[in-house]
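Down below is the structure, laid out as structure tokens.
The values are calculated or read from the model by the stated rules, or taken from the named source; none is laboratory data. In this text, all values refer to a predicted model and were calculated from it rather than measured experimentally. Here Cβ is always computed from backbone atoms with ideal geometry, including for glycine, and neighbour counts include all displayed protein chains.
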């Protein structure tokens, strides 16, 4: 979605340790309402993130964990959010700026990792560190607070539900980095938050990424026994509709 100031937003659902239900007395915001209000009231990605975070702090957050991406003609920011406060009020969030010239990939898993106080390229809820300690998720002896590991559940089902898509995007835009498609666990740190492509992406090149089905990789479903009788990477019902 985009407003009249060319402020854009997109969303992906993630998994977190706490997924509270709505409560008119404690938790009234979900990501969809936050993105709508941000587009109605702000002009820049940073302002959108700041507003969304303040609304979580003041009015609470419910539902699944979420990633919202805000981008304007000058910069892009990512804000990730979830429940988790011991008293059931407020919520938790962290945001990070996408460096100029780099690509961020969201694929149903938290992507922000180490939170560094004082980093101008990051923002986060004021209660993040205290709530993480109160829940027994983190303490100072563990070093830097890793947002992904502290609040998130990593992959939904297995290490290749989300990270495989991130790997494929990174492998296509920066093959020189030679990233491995195999990860260590559901909280993999193999892939950086964002990545500079080997060469500047065109609009056509960006759209082409969405048409990729792992052709030519070890996960190619157009060849081998997993391809079935039709050598079709899409589920059959979907493939028929597309033809």
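Just one of the listed residues (187, 170) is touching a residue at least 60 places away in the same chain (Cβ under 8 Å), surrounded by 16 or more Cβ atoms within 10 Å (Cβ to Cβ) and either touching a strand residue (DSSP E or B) at 6+ places or on another chain (Cβ under 9 Å) or within 28 Å of residue 48 (Cα to Cα) (or both), and it is 170. Condition first: part of a strand (DSSP E or B), under 17 Å from residue 92 (Cβ atoms) and touching a helix residue (DSSP H, G or I) at 6+ places or on another chain (Cβ under 8 Å). Can you find one or more residues in region 16-28 that meet it? Scanning region 16-28, I find at least one residue that is part of a strand (DSSP E or B), under 17 Å from residue 92 (Cβ atoms) and touching a helix residue (DSSP H, G or I) at 6+ places or on another chain (Cβ under 8 Å), so the answer is yes. State yes or no: is residue 129 free of Cβ contacts under 8 Å to residues at least 40 places away in the same chain, surrounded by 16 or more Cβ atoms within 10 Å (Cβ to Cβ) and out of contact with any strand residue (DSSP E or B) (no Cβ under 8 Å at 6 or more places or on another chain)? No: the conditions fail for residue 129. Within region 143-167, the set of residues being assigned to a loop (DSSP other than H, G, I, E, B) and under 30 Å from residue 203 (Cβ atoms) comprises 160, 161, 162. If you scan region 178-203, which residues turn out to be in contact with a helix residue (DSSP H, G or I) (Cβ under 6 Å, 6 or more places away or on another chain) and part of a loop (DSSP other than H, G, I, E, B)? Hits for region 178-203 are 179, 181, 183, 187, 188, 191, 197, 198.
Checking each residue in region 194-211 for being surrounded by fewer than 19 Cβ atoms within 10 Å (Cβ to Cβ) and under 16 Å from the mean Cα position of the chain (by Cα) picks out only 194. Filtering region 206-237 to residues that are outside any loop (DSSP other than H, G, I, E, B) and closer than 17 Å to residue 165 by Cβ leaves 206, 207, 208, 209.
Could you tell me which residue of region 107-116 is farthest from residue 82 (Cα to Cα), considering only residues that are touching a residue at least 40 places away in the same chain (Cβ under 8 Å) and in contact with a strand residue (DSSP E or B) (Cβ under 6 Å, 6 or more places away or on another chain)? Working first, answer last.
So in region 107-116, the residues touching a residue at least 40 places away in the same chain (Cβ under 8 Å) come out as 107-113.
Subset that is in contact with a strand residue (DSSP E or B) (Cβ under 6 Å, 6 or more places away or on another chain): 108-110, 112-113.
Working: 108: 13, 109: 12, 110: 10, 112: 13, 113: 15 Å.
The selected residue is 113.
Residues that are assigned to a loop (DSSP other than H, G, I, E, B), over 25 Å from residue 17 (Cβ atoms) and in contact with a strand residue (DSSP E or B) (Cβ under 8 Å, 6 or more places away or on another chain) within region 54-106 comprise 72, 75, 99, 102, listed in sequence order.
Among residues that are in the same structural domain as residue 207 (by TED's automatic domain parsing), farther than 22 Å from residue 206 by Cα and not in a strand (DSSP E or B), residue 170 is not included.
Working only within region 1-35, note down all residues that are within 20 Å of the chain's Cα centre (by Cα) and without any contact (Cβ under 8 Å) to a residue 24 or more places away in the chain. If you could, list the steps in order and put the result at the bottom.
First pass over region 1-35, keeping only residues within 20 Å of the chain's Cα centre (by Cα): 1-2, 7-20, 29-35.
Passing the criteria: 32, 33.
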